Amino acid sequence: LNDSVMRAFCALVTFVVVAYLAELMVSRAIVPASVEGFLRFQWLGIAMVPAAHFHLSSTLLSTTGLLPRRRRFLVPLGYILGLIFLGLAIFSDWLVTNPVSNPLSRIPHLESGPVFPIFAVYFWSVAAASIYNVWRARQRCITRTTRQRMTSTLLTYLAAPLGVFPYLLITGTEGQDIIPLWLWPIVILGTKGPTGCLLQ
């Protein structure tokens, strides 16, 4: 509990697990009425992953001796924005709306609302900033061992955003019967990536 890197890492893993757990509950739901509830609960993980992702990158950068000046304010701001998006996902239809069941793939998902493009830009902008922070931390490493560890971290750092971003909101509509082929490699990378992160 006294290690800032471990606290940030635990926060990120917790939100990723929540997203995967909700996805599992959706796939096992027997009552159709409960599907929408689980899909909206999944946003507890999806909305908060960017903030935790940036938080972890900030703590990694701080371990190299770079003081968190702007990052000291950006980390709490990220969590506040995450809570705002979470509220929009759970209590309104501005971010996500009616659940859609894909008849062939049988993957229920929500439709995107008017605010979803803003969330998508926020999500990937924060992911890019987080990766840049880890790259900066790698550049500041002095010993070969720490540089190797930071390189492994950098290579696996896309796992969380790739694994939890709701791609079906931009590809899956009522008129679309199958999941696009380009989506499968991304899903596989996002699913296998967290294993690598945890093993490290």
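Computed with a 1.4 Å probe over protein heavy atoms only, the accessible surface of the range 1-159 comes to 56 Å² per residue. Computed extension length for ASN2-ILE142: 48.0 nm, one decimal, from 0.36 nm per residue of separation with the Cα-Cα distance subtracted. With every protein chain in place and a 1.4 angstrom probe, the accessible-area ranking of TYR20, TYR157, TYR79, TYR132, largest first, reads TYR132, TYR20, TYR79, TYR157.
Rounded to the nearest 0.05, the FRET efficiency derived from the C-beta distance between PHE91 and ALA128 at R0 = 30 Å is 0.55.
Computed on the Cα atoms alone, the convex hull of the range 5-85 gives a volume of 65 cubic angstrom per residue. Taking all Cα-Cα distances within the range 40-83, those exceeding 11 Å account for 64%. Shown here are the Rg and Dmax of the Cα trace of the range 67-166, at 17.7, 54 Å. The largest accessible area among MET6, MET25 belongs to the first residue in MET6, MET25, and the rest follow in falling order (1.4 Å probe, all chains). For the range 128-155 versus the range 1-56, the inter-centroid distance based on Cα atoms is 25 Å. Full extension of the chain segment joining SER152 with THR64 gains 30.1 nm, where the gain is 0.36 nm per residue of separation less the Cα-Cα distance.
Annotation: THR146 carries an accessible surface of approximately 60 Å², with a 1.4 Å probe and no ligand, DNA or RNA atoms counted.
The HN-Hα couplings worked out from phi for the range 11-28 by the Karplus form 6.51 cos²θ - 1.76 cosθ + 1.60 (θ = phi - 60°) are 5, 5, 5, 4, 5, 5, 5, 4, 4, 5, 4, 4, 4, 5, 5, 5, 5, 9 Hz, whole numbers, x standing for Gly and Pro.
The values are calculated or read from the model by the stated rules, or taken from the named source; none is laboratory data. Nothing here was measured: the structure is a model prediction, and the numbers come from that model. With ideal geometry, Cβ positions are generated from the backbone for all residues, glycine too; neighbour counts draw on all protein chains shown. For accessibility, only protein heavy atoms count, side chains too; no ligands or nucleic acids. Shrake-Rupley method; radii C 1.70, N 1.55, O 1.52, S 1.80 Å.
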